[in-house]
1. May I ask you to list pairs of residues, at least six apart or on different chains, whose Cβ atoms are under 6 Å apart, with the first in the stretch 26-49 being touching a residue at least 24 places away in the same chain (Cβ under 8 Å) and the second being hydroxyl-bearing (Ser, Thr, Tyr)?
2. In this structure, is residue 22 within 25 Å of residue 131 (Cα to Cα) and open to solvent by less than 40 Å² (accessible area, probe 1.4 Å)?
3. Of everything in the stretch 109-132 that's of a type in the set (Gly, Ala, Ser) and free of Cβ contacts under 8 Å to residues at least 40 places away in the same chain, which residue is most open to solvent (accessible area, probe 1.4 Å)?
4. Only one of these is open to solvent by 60 Å² or more (accessible area, probe 1.4 Å) and not β-branched (Val, Ile, Thr): 13, 66, 76. Name it.
5. Mind listing whichever residues of the stretch 34-71 are within 20 Å of residue 93 (Cβ to Cβ) and small (Gly, Ala, Ser)?
6. Which number in (1) outside any helix (DSSP H, G or I); (2) closer than 15 Å to residue 20 by Cβ marks the one condition that residue 108 misses?
7. Of the residues 12, 45, which single one is small (Gly, Ala, Ser) and more than 19 Å from the chain's Cα centre (by Cα)?
8. How many residues does the stretch 33-42 hold that are under 21 Å from the mean Cα position of the chain (by Cα) and open to solvent by 50 Å² or more (accessible area, probe 1.4 Å)?
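The values are calculated or read from the model by the stated rules, or taken from the named source; none is laboratory data. Keep in mind it's a predicted model, so treat the numbers as computed, not measured. A quick note on method: Cβ atoms are made from the backbone with ideal geometry, for glycine too, and the neighbour counts reach across all protein chains shown. Ligands, DNA and RNA are stripped out before the accessible areas are found, and what is left, the full protein with its side chains, is counted by its heavy atoms. Shrake-Rupley method; radii C 1.70, N 1.55, O 1.52, S 1.80 Å.
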Amino acid sequence: MTNTTAPSAAASLGLLVLRVVVGAVFAAHGAQKIFEYTIPGTIGSFAGMGVPMPEIAAPFVAFVELIGGILLVLGLFTRLAGLLLAIDMVVALVLVHLAAGLWVGEGGYEFVAVLGAAALALALTGAGRFSLDGAFLRGRAPAWLS
């Protein structure tokens, strides 16, 4: 089954705004883990937070956030990127932030919950017309991908 229906221009504009903002935040967080904290530093941070297999999880999360964020901004493979980023945020919420409560100032989950919900919404809706998915993949790729 392919995805052949395009959302309205207004809905596509809303998806564009959501994709660009959420994608930029994810890309910035991934870049921070790779270039500012460095992968070894991120591994140490993940280990300190009790994340299982930090040597695998840290680089995986860093690159999913960086590349997934860039893909969201471009609107390319939006559903897949959104799904991976939503899973990333669910894991962060459960493993790191849930015990601290809601408020982000106290280490809580409000920020990761919003990012995860936004990523999941994009995974469920797709990128809209104003995207590389809309330009190149609509009708040519399975609906779960574009």
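1. Listed by first residue and then by second, the contacts come to 33/42.
2. yes
3. By that ranking, first place goes to 117.
4. Numbers: 66 fails: open to solvent by 60 Å² or more (accessible area, probe 1.4 Å); 76 fails: open to solvent by 60 Å² or more (accessible area, probe 1.4 Å).
One residue alone meets the criteria, 13.
5. Passing the criteria: 45, 47, 48, 50, 57, 58, 62, 68, 69.
6. Going through the list (1) outside any helix (DSSP H, G or I); (2) closer than 15 Å to residue 20 by Cβ, residue 108 breaks only (2).
7. On the way: 12 fails: more than 19 Å from the chain's Cα centre (by Cα).
Matching residue, one of 12, 45: 45.
8. Total satisfying the criteria: 4.
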